[in-house]
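Colleague: This is the structure I want to talk about, given as structure tokens.
Readers should treat all values here as calculations from the given coordinates under stated rules, not as data from a laboratory. What you are looking at is a predicted structure, and each value in this text was computed from that prediction instead of being measured. Here the Cβ positions follow ideal geometry from the backbone for every residue, glycine too, while neighbour counts run over all protein chains shown.
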Amino acid sequence: MRLYYLKHRDRLKAQAHEYYHNNKEKVSAYAKERHRKTYVPIPKELHKKRGLRLECGMRSGFERTLANQMNTFGVKYEYETLEIPYTLEGKYNPDFILTNGIIIEAKGLLDRDSKRKMIAVKKQHPELDIRLVFMMADKKIPGSKTTHGAWATRAGFIWADGLIPEEWFKE
């Protein structure tokens, strides 16, 4: 199959290009419908404004995805309503607080500052049930040989990959 693709790559690309241009509306409608199932839409006027809390209230697309999942399951939650002080540099605002007391932090990228903050909050507030949901848990942390999931396990966090496990809603 690979040899066939390499041999006919240009012709296949041209066919795909031609199909797209002849069926733009159909392809576009499919892509929009698929996108709508996963993400909460963002108003067009806010698309290019980065670092701004959007009208839907979330800071990232991954947080919107998790909020959409919880809305689908009818789970009640609060978004960044709790401030937990810690002594390193400031205050920690968890992403989601479920009504059962579970705190969920959505992480697409786990950098050095995030790791340090999460460990400090966990040490200073051991009574809190803080759990991490990684966009890709098997991805390596920048500048490290450790994956996001392996780091969370070693640091003593309960974590999940991609979406919030349904069991967390029922605890």
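Colleague: Provide VAL121, VAL133, VAL75 in ascending order of the number of other Cβ atoms located within 10 Å of each residue's Cβ, fewest first.
Modeller: Least to most surrounded, the residues fall as VAL75, VAL121, VAL133.
Colleague: OK, next. Set the Förster radius R0 to 22 Å, insert the Cβ-Cβ distance between LEU109 and THR153 as r into 1/(1 + (r/R0)^6), and round the FRET efficiency to 0.05.
Modeller: 0.75
Colleague: Once R0 is set to 22 Å, what does the formula 1/(1 + (r/R0)^6) return for the Cβ-Cβ distance between LYS91 and ILE119, expressed as a FRET efficiency to the nearest 0.05?
Modeller: 0.90
Colleague: If you add up the charges near GLY149, with Lys and Arg at +1 and Asp and Glu at -1, over every other residue whose beta carbon is less than 10 angstrom from its beta carbon, what do you get?
Modeller: Net charge in that neighbourhood comes out at 0.
Colleague: What order do you get for PHE73, PHE157, PHE96 when you list them from fewest to most C-beta neighbours inside 10 Å?
Modeller: By the 10 Å Cβ count, ascending, the order reads PHE73, PHE157, PHE96.
Colleague: Put a dot 7 Å past each Cα toward the Cβ at LYS145 and ARG59; how far apart are the dots in nm?
Modeller: Distance between the two pseudo-spin positions: 3.2 nm.
Colleague: Tell me the net charge near ILE102. Cut-off is 11 Å between Cβ atoms, ILE102 excluded, with +1 for each Lys or Arg and -1 for each Asp or Glu.
Modeller: Taking every other residue near ILE102 into account, the sum is -2.
Colleague: Now a separate question. Any idea what log10 I(q)/I(0) is at q = 0.21, 0.24, 0.26 Å⁻¹ for segment 101-171, Debye with uniform C-alpha scatterers and no solvent?
Modeller: Once normalised to I(0) and log-transformed, intensities are -0.89, -1.13, -1.29.
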